[in-house]
Each structure stands twice: as structure tokens, then as C-alpha cells.
Amino acid sequence: MTQLPSIGKPAKHALEAIGITTLEQVSTLDKASLLKIHGVGPKALTILEKALKDQNLAFQLPSSDDTVPQTNFAVIGSLNCDNAPKRKIIRDYLIAAASGNLPLLNTILSDSFYWIVPGKQPLEGKDLFIKMILKEQKELSTLEIKSILTHGKEGAAHGILTTKTGDKVYFSAIFRFKNHQKNAPISEITSFIIQ
């Protein structure tokens, strides 16, 4: 594993905050995603690109999946959904909830949506949930999706949100879809959150 070159303290701290400490890890990202990480600028990107080239490595090519919702923060993880439509719905939900994408949330949540956070009062109704999500928005640097699993009417995901100030929010969510259809909306989420 090759250590990161000298890219300046802000960029180094920003990458370390999301667990990236080697050039090999940097090579799993594309340039556009790196530039969205708060603290990583064009100068650091140029230095990283040269260091990658010296090690016969390169940045990933930008995703050809134009169905991934656009954000002003980096979204890291396996974002392709191949032939798994419910995986795509969960991926899009995670991105929409993190970015406050109201139109997308309205599309993928059922009207009778139910949200459970153990130890708190459950929230009933899509509109109340969206209002709460928008109220709780944070300035994000990255959304790292660690995994998404689906089977039948259920699914699960976990990952890490990193704010621009470096704070982390670890999450895990269990999803229930309205029915077995491939484009079924999400009817219930149980969320586990560590801040």
C-alpha cells in the first residue's frame, strides 16, 4: 500500500476522515467525486493524479450510470444496480434523504410510509417524514454506502455520512416495500443511527 503524497492538510484530513489513507484507495474514486469532498481541491487532485500515474494507477472513470441522482457531495460505494430494481430504489432513497431531494423522495416512498427509530416515537406519513428529513439536513462532504441487500419485499443498507466539519453519522436501515413488484415504493424503514 502506497501512502498518500503531500497534498496539504485540508485534503489529507478530508480523505482520512472517510478512511482513505493510500493511493490504492484513492484509485477507487473518480475525479468528480473527489472534488466534491470538502477540503479536496484542484491542486490536491493534480498531485494525486501524478502520484497515481507514478504507481501505474489511475482514477476511476466517471460512472456511466446516469440514473444515479446528482448531489453536491461525494457518493462513494458500489452504485451500480445491475438487474436489481429494489437495490436501485434503496440507493436512490439514501442519496435523496441525504441531499434533501424532495421530488425523488416523493416518488420512492409510499403515501402510507412508516418510519421507525427504536427508542423514539414512530413517524407515520410520507409528508411528515419528508418535512423532518428537510429540517434535519446537514452540510455533507460524503455519503459512503457500504452495502445494500434486497430480497423479496425487504432490503437493508448501511453506511456513513461525513459532514463538512468531519462529524460522522453511522446508519443502518431495514426497508420494507409495499409489494413484490420491481418498482414498488418503500412503505416502511427501521433506522439505526449513531452520531
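The values are calculated or read from the model by the stated rules, or taken from the named source; none is laboratory data. Computed from a predicted model, the values in this text were never measured in an experiment. Virtual Cβ from ideal backbone geometry, glycine too; neighbours counted across all protein chains shown.
Selection of the stretch 159-190 for residues being among the polar types (S, T, N, Q) and surrounded by fewer than 16 Cβ atoms within 10 Å (Cβ to Cβ) yields 165, 172, 179, 181, 183.
Within the stretch 78-93, restricting attention to residues that are surrounded by fewer than 22 Cβ atoms within 10 Å (Cβ to Cβ) and not acidic (Asp, Glu), the residue that is farthest from residue 140 (Cα to Cα) is 83.
For residue 102, are the conditions met, namely being within 30 Å of residue 14 (Cβ to Cβ) and either surrounded by fewer than 21 Cβ atoms within 10 Å (Cβ to Cβ) or aromatic (Phe, Trp, Tyr) (or both)? Answer is yes for this residue.
Restricting the stretch 108-139 to residues that are of a type in the set (Asp, Glu) and under 20 Å from residue 71 (Cβ atoms), the residue that is modelled with the lowest pLDDT is 136.
Here residue 184 clears all of (1) assigned to a loop (DSSP other than H, G, I, E, B); (2) under 18 Å from residue 19 (Cα atoms) except the condition numbered (2).
Every residue in the stretch 138-171 that is closer than 22 Å to residue 37 by Cα and either hydroxyl-bearing (Ser, Thr, Tyr) or part of a loop (DSSP other than H, G, I, E, B) (or both), please. Across the stretch 138-171, the qualifying residues are 138, 139, 141, 142, 147, 162, 163, 164, 165, 166, 167, 170. Only a single item in (1) touching a strand residue (DSSP E or B) at 6+ places or on another chain (Cβ under 9 Å); (2) surrounded by 12 or more Cβ atoms within 10 Å (Cβ to Cβ) is not met by residue 134, and it is number (1).
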